[in-house]
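J.: Take this structure, written in structure tokens, and hold onto it; I'll ask about it next.
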Amino acid sequence: MNTPFTSAEAQRAVELLASRPLVRLVTEIDDNGAIPPRRLAGTLPDLSTHQLRSASDTARAHGLIRIAPGTGLELTEAGMELADLYDAMASWARRHAVPAPVCEFSNRIRHVLDLLAPSLTTERADGPSPLSGDVDEAGLARPRTLLIQWLADNPQVARVFEPEPVA
């Protein structure tokens, strides 16, 4: 399955999706439901105010969360699909004890995204596998397919937002 991403776009997407604050925000809402207004800092106390603001602004800008009147921050359809993708990646990483037998969920996501990043570009998608020999390539096929599909459905994640020219 080919992707329409250049190396730079694939790297941007991986950096965004592997962001610890974004992973924490998306998975917290997925696991526990909407975050009420003004409860973000109390819900994710391990993140700084700047990280919380950046993660919520980024998630809203990319259509992953929305503010629902009366409930607070909730996942959009794209956000729910991203949470499922994170679960698939973390499941593979746990089975293979990477990057370590015991580690934080977001570190597992980062590790899997880093493994998959080279295979996301149009230049490498049809070539030989960029995965090292000690990686369970067959097991990574499902997370890779899910990631490629999610990126195809959400191309804004890899694109640089440029203001429209003023006429």
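The values are calculated or read from the model by the stated rules, or taken from the named source; none is laboratory data. These numbers come from a predicted model, not from an experiment. Here the Cβ positions follow ideal geometry from the backbone for every residue, glycine too, while neighbour counts run over all protein chains shown.
J.: Under 9 Å between Cβ atoms, at least 6 apart or on separate chains: pull out the pairs that start in segment 134-152 with a residue that is at pLDDT below 75 and end on any residue that is outside any helix (DSSP H, G or I) and small (G, A, S).
T.: What qualifies is V135/S129; E137/S129.
J.: OK, next. Is at least one residue of segment 41-52 under 24 Å from L151 (Cα atoms), aliphatic (A, V, I, L, M) and touching a Lys or Arg at 6+ places or on another chain (Cβ under 8 Å)?
T.: No, that holds for no residue.
J.: Then there is this: Go through segment 58-107 residue by residue and tally those that are among the charged types (D, E, K, R), under 21 Å from N154 (Cβ atoms) and part of a helix (DSSP H, G or I).
T.: Total meeting the criteria: 5.
J.: From the list R24, R66, R39, R12, which one is surrounded by fewer than 18 Cβ atoms within 10 Å (Cβ to Cβ) and touching a residue at least 40 places away in the same chain (Cβ under 8 Å)?
T.: R12 is the lone residue from the list that is surrounded by fewer than 18 Cβ atoms within 10 Å (Cβ to Cβ) and touching a residue at least 40 places away in the same chain (Cβ under 8 Å).
J.: Considering only residues that are touching a residue at least 12 places away in the same chain (Cβ under 8 Å) and polar (S, T, N, Q), look in segment 42-63 and name the one that is surrounded by the most Cβ atoms within 10 Å (Cβ to Cβ).
T.: S56
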